[in-house]
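I have placed the structure first, in the form of C-alpha cells, so that the comments after it can refer back to it.
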Amino acid sequence: MEVKPGVFVSKVSTQDWDADPEGSGEVHVLCDAEGVQAGLSRFQRAPAQPISFKCDKRETIIILEGAARIEIAGGATLELKKGDIASLPKGADTRWHVTAPFKEMWVIA
C-alpha cells in the first residue's frame, strides 16, 4: 500500500495475494514504481514442474519460508533455504524447484 507518494508499506504476513501471472503460485506486489519492483511470492504446494524464469533485470531475493534449488543455465545451481539471500543478474535463465510451503521477498531493479 502506498501510504505517501513513493512510500510503500506491507507485512510479510499479508493476506492480500493475487495469482502469479508467471507461475502457479501467488504474488503480493509491494511496489512497482520508478524502475523498481518489489514484493512477495509464495507457493502453498510445490509446483508439479520446475518454474522457468528469465530475469529481465537484476533480481535479489530472500527466502522467508521453505527452500529453493535454482538452476542457472550455463552457471551455478543455488541451494537456498529460509534466511538465505541471493542476487541474480539480468538475463539469467533459471529453473526453480521449490519446497512448499515457500515464500520469498524479491526486488527487481
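Where a number appears in this text, it was derived from the coordinates with a stated rule and is not lab data. Remember, predicted model here, so these are calculated numbers, not experimental data. So basically every Cβ, Gly included, is an ideal-geometry build from the backbone, and we count neighbours across all protein chains shown.
Most exposed first by the Cβ proxy, i.e. fewest other Cβ within 10 Å, how do Phe8, Phe43 rank?
Phe8, Phe43
Hey, what's the Kirkwood Rh for segment 1-45 if you take every pair of different alpha carbons, in angstrom?
When all Cα pairs of segment 1-45 are included, the Kirkwood radius is 11.4 Å.
Between Ala100 and Gln37, what length comes free when the chain is fully extended (0.36 nm per residue of separation minus the Cα-Cα distance, one decimal in nm)? Display every interim value, and only then the final one.
Working: separation 63, 0.36 × 63 = 22.68 nm, distance 2.38 nm.
Gain in length upon complete extension: 20.3 nm.
Once you list every other residue whose beta carbon is under 14 Å from the beta carbon of Ile108, what net charge do they have if Lys and Arg are +1 and Asp and Glu are -1?
Numbers: positive: Lys54, Lys57, Arg58, Lys90; negative: Asp20, Glu22, Asp32, Glu34, Asp56, Glu59, Glu104.
My count for the surroundings of Ile108 gives -3.
Can you put Ile61, Ile85 in order, fewest other beta carbons within 10 Å first?
Ile85, Ile61
Count the lysine pairs in segment 2-108 whose Cα atoms lie under 15 Å apart, taking only pairs 8 or more positions apart in sequence or on different chains.
5
Sort His97, His28 by Cβ crowding within 10 Å, fewest neighbours at the top.
Fewest-to-most ranking of His97, His28: His97, His28.
Round to the nearest 0.05 the FRET efficiency obtained for Phe53 and Lys82 when R0 = 22 Å and r is the Cβ-Cβ distance.
The pair Phe53/Lys82 has a calculated efficiency of 0.60.
Restricted to Cα positions, what overall size does the chain have along the principal axes? Three whole-Å values, descending.
Computed over the chain, the largest-to-smallest principal extents equal 42, 28, 25 Å.
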